[in-house]
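Notes follow once the structure below has been shown.
The values are calculated or read from the model by the stated rules, or taken from the named source; none is laboratory data. Predicted model, so just to flag it, every value in this text is computed and none were measured. Because the Cβ atoms are built from the backbone with ideal geometry, glycine has one as well, and the counts that use them run over all protein chains shown.
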Number of protein chains: 2
Amino acid sequence: MLFFTQCFGAVLDLIHLRFQHYKAKRVFSAAGQLVCVVNPTHSLKHASNRCAVAQTSTEQSSLHPHHPHEAVHDPQLIPCTCPLFSCQWEGHLEVVVSHLRQTHSINILHGAEIVFLATDMHLPAPTDWIIIHSCLGHQFLLVLRKQEKYEGHPQFFATMMLIGTPTQADNFTYRLELNRNQRRLKWEATPRSVLECIDSVISDGDCLVLNTSLAQLFSDNGSLAIGIAITSSKVHTAEVEM
Amino acid sequence: MLFFTQCFGAVLDLIHLRFQHYKAKRVFSAAGQLVCVVNPTHSLKHASNRCAVAQTSTEQSSLHPHHPHEAVHDPQLIPCTCPLFSCQWEGHLEVVVSHLRQTHSINILHGAEIVFLATDMHLPAPTDWIIIHSCLGHQFLLVLRKQEKYEGHPQFFATMMLIGTPTQADNFTYRLELNRNQRRLKWEATPRSVLECIDSVISDGDCLVLNTSLAQLFSDNGSLAIGIAITSSKVHTAEVEM
């Protein structure tokens, strides 16, 4: 009986140690989370109708995807314009990242979970904060935009776009999280493809939307920290089912 | 040695059974989650300046609480107006729930986690959907309001208010969750007190905000399901630390 009690005690100790190890590991990974300080790009005057046609097709494809780009056999040869509105560059999907890095000096950050720290939130609209986020073998474009959808009322819009085709984008889920002043806001969605028009995503408000006063509550000293995580949809489904 | 192995096996079986029991319990409680169908109240024309003074004090108190109501010794004797804007009722905190039930036919729902199903989302603004949510020994008012903050652009605002003092409200955290069409939006915050002005919370946008197109993506057949959970702040802090 004494032996049994000792065995039981030893097993409980093992379980406890395992739990402590797991907890410590989580704290460590949280502390070691990558923080990327993102300065605003130059204020951009948005073109009025560059995406007029694309917008309609994007609205439809958000729920009932039918991707004309998929007809091209090699995704890398798909024609692609620069996702930044002020830029008239046109090329292929294969080279859009090098264009963004070289012409617009956009940084690449690696890791499944990162913190995007946007500075100078007070700058007047329109202003963009942009990084490329590399993980799970793909590259994603995170765009935070300050824009006056209603005149005199600037709002912040954050969304994530896969540098790939819409079909590839359907395999992922991204999460944006704000957490400060006893408030927490989480947005989870499937990323759009960079081939779609980012302006239609923002004008539809099908993204994380913040008004100025809420952005102030979430920001610290003029900077807004957005936690970003990307998962492949299969992993995500498994998590939801748990 | 054989005895030790058997003991170890038995303990593992016990742990496995305990886990299965916990999992089954969670599934059961999820399946048995209360769903409350909430019909809209009559469209209300909002008074213009009833809360003009209260609004300023609420803005300040959201971050630096200083609650004049706390000076009254018995919270139940605190003067209180009806939180519905169209109503001119004035009384005490003690009787506001019976006023809401009797005069406005607002339902009470019990349980820590419920689903609020708002019907007829297409109705023109301004429209309110309201229930009283009773849990953790307190009563909370959930208000979903369709309102045109910018003319011609109706938006949906959802917030939770404790039927109690601001100091009591500080002890809780509420969570509102929308989940549909591969999108998930979560809002967590400390509830405001029903003694504060609900209109200032909404005009500040310090609540869950949805534009019409996003509300359509989250709604099903004209109804919007919002998952609601309330925790006491101590429990919440422990969860965050885990």
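Of the residues that make up segment B:138-153, is at least one in a loop (DSSP other than H, G, I, E, B) and within 16 Å of B:Val37 (Cβ to Cβ)?
Within segment B:138-153, not a single residue is in a loop (DSSP other than H, G, I, E, B) and within 16 Å of B:Val37 (Cβ to Cβ).
Given the structure, is B:Arg175 in contact with a Lys or Arg (Cβ under 7 Å, 6 or more places away or on another chain) and of a type in the set (Lys, Arg)?
Criteria met by B:Arg175.
If A:Leu144 satisfies all but one of (1) touching a helix residue (DSSP H, G or I) at 6+ places or on another chain (Cβ under 7 Å); (2) closer than 23 Å to A:Leu100 by Cα, what's the number of the condition it fails?
Against the list (1) touching a helix residue (DSSP H, G or I) at 6+ places or on another chain (Cβ under 7 Å); (2) closer than 23 Å to A:Leu100 by Cα, A:Leu144 comes up short only on (1).
Looking at segment B:185-193, is at least one residue part of a strand (DSSP E or B), more than 13 Å from chain A (Cβ to nearest Cβ) and under 30 Å from B:Leu93 (Cα atoms)?
yes
So A:Thr167 ticks every box in (1) crowded, with 23+ Cβ neighbours inside 10 Å; (2) outside any loop (DSSP other than H, G, I, E, B); (3) away from chain B (no Cβ under 11 Å) but one. Which box is left unticked?
(1)
With the requirement that a residue be of a type outside the set (A, V, I, L, M) and assigned to a helix (DSSP H, G or I), what does segment B:83-137 give you? Steps first, answer last, please.
To start, the set of residues in segment B:83-137 that are of a type outside the set (A, V, I, L, M) comprises B:83, B:85-92, B:94, B:98-99, B:101-105, B:107, B:110-111, B:113, B:116, B:119-120, B:122, B:124, B:126-129, B:133-135, B:137.
If the condition is that a residue be of a type outside the set (A, V, I, L, M) and assigned to a helix (DSSP H, G or I), then B:Glu94, B:Ser98, B:His99, B:Arg101, B:Gln102, B:Thr103, B:His104 are the ones that fit.
Considering each of B:Ser223, B:Ser219, B:Ser233 in turn, give the residue that is surrounded by fewer than 17 Cβ atoms within 10 Å (Cβ to Cβ) and either under 25 Å from A:Val201 (Cα atoms) or of a type in the set (Val, Ile, Thr) (or both).
Matching residue, one of B:Ser223, B:Ser219, B:Ser233: B:Ser223.
Among all residue pairs at least 6 apart or on different chains, which show Cβ distances below 6 Å where the first residue, located in segment B:81-108, is among the small types (Gly, Ala, Ser) and the second is modelled with pLDDT under 90?
B:Ser86/B:Leu44
Any residue at all in segment A:175-184 that is surrounded by 21 or more Cβ atoms within 10 Å (Cβ to Cβ), touching a residue at least 12 places away in the same chain (Cβ under 8 Å), assigned to a helix (DSSP H, G or I) and more than 9 Å from every other protein chain (Cβ to nearest Cβ)?
no
Criterion first (closer than 29 Å to A:Phe157 by Cα, within 11 Å of chain A (Cβ to nearest Cβ), more than 17 Å from the chain's Cα centre (by Cα) and assigned to a helix (DSSP H, G or I)) does B:Gln216 satisfy it?
Yes; evaluated as a whole, the condition is true for this residue.
I'm told A:His153 meets every condition in (1) over 15 Å from the mean Cα position of the chain (by Cα); (2) more than 13 Å from chain B (Cβ to nearest Cβ) except one. Can you identify the failing condition by its number?
A:His153 satisfies all of (1) over 15 Å from the mean Cα position of the chain (by Cα); (2) more than 13 Å from chain B (Cβ to nearest Cβ) except (2).
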